[in-house]
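Scroll down for the structure; my scribbles are underneath it.
Where a number appears in this text, it was derived from the coordinates with a stated rule and is not lab data. Keep in mind that this is a model prediction, so the values were computed, not measured. Cβ placement follows ideal geometry from the backbone for every residue including glycine, while neighbour counts extend to all protein chains displayed.
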Amino acid sequence: MNGPFSSFGPPQGTPIWYKNSLTNALRTIAQKSKAVLPQDIYAIIEEAAGRVYVYESYIHDMHAVNPDRPIHSDPLYVYTGYKTSLVNLLRVANQPGLEPTPKGRVYRDINVCLQDILALVRVQGNDVGRLFADPEMNRLLVNLANVL
């Protein structure tokens, strides 16, 4: 792993939430893409995974402190944080002109999966516990991890 976010987890003693996380799905794609796609795709996905890992660590820590309460008064707090963490990947995935290329197909598939995940996150609000226990979220994360 290279880049400014390469030092961000999963650390030794991987958190219990990591297996069913967006971070894990993104890292799975990054590892698959490393061998078959250009280095730039790998780097962008890996950077997004690092940003998401930092954010997921934060929201899970907040949830652990008060598991029976929303983590923030703003109902879009979790959604906004994820969207911010994914901004670079989403921007690249939406570039015009990539559609007819193999690289464009991968980005399109990733973008579709991420948009579905973000839509569910938006609906779930700040209930982090319910979000990651939701079978639909698990299905969407598996779909994302299997893009390649």
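State the label only: which of (1) 100, 55, 11; (2) 43, 38, 32; (3) 46, 32, 24 corresponds to Cα extents along the principal axes in Å computed from the shown model?
Given (1) 100, 55, 11; (2) 43, 38, 32; (3) 46, 32, 24, the structure-derived one carries the label (3).
Under 12 Å from the Cα of residue 103, which aspartates and glutamates turn up, not counting those fewer than eight places away in the same chain?
Output for residue 103: 40.
Within the set of other residues whose C-beta is less than 12 Å from the C-beta of residue 143, count the net charge using Lys and Arg as +1 and Asp and Glu as -1.
Details: positive: 139; negative: 109, 116, 136.
In short, -2.
Within segment 57-142, list the trypsin sites (Lys or Arg not before Pro) lying in a DSSP loop whose Cβ has at most 10 other Cβ atoms in a 10 Å radius.
On the way: sites: 83, 91, 103, 105, 108, 122, 130, 139; in loops: none.
Those that pass, being in a loop and sparsely packed, number zero.
Going by alpha carbons, how many degrees (0 to 90, nearest 10) lie between the helix axis of 135-145 and the longest principal axis of the chain?
Helix 135-145 and the main axis of the chain meet at about 30 degrees.
Excluding residues on the same chain fewer than 8 positions from residue 83, give the lysines whose Cα lies under 21 Å from its Cα.
Excluding near neighbours in sequence, the set is 19.
As I understand it, the value is the acute angle between the Cα axis of helix 39-65 and the longest principal axis of the Cα atoms of the chain; what does it come to in degrees, rounded to 10?
Helix 39-65 and the main axis of the chain meet at about 0 degrees.
State, as an integer percentage, the relative contact order of segment 64-148 based on alpha-carbon contacts under 8 Å between residues 6 or more apart.
Details: 61 pairs, mean separation 32.4, N = 85.
Reported relative contact order: 38 percent.
Take every Cα pair under 8 Å in the chain that's 6+ residues apart, average their separations, divide by the length, and report that relative contact order as a whole percent. Write down the numbers at each step before the final one.
Working: 154 pairs, mean separation 42.9, N = 148.
Relative CO of the chain lands at 29 percent.
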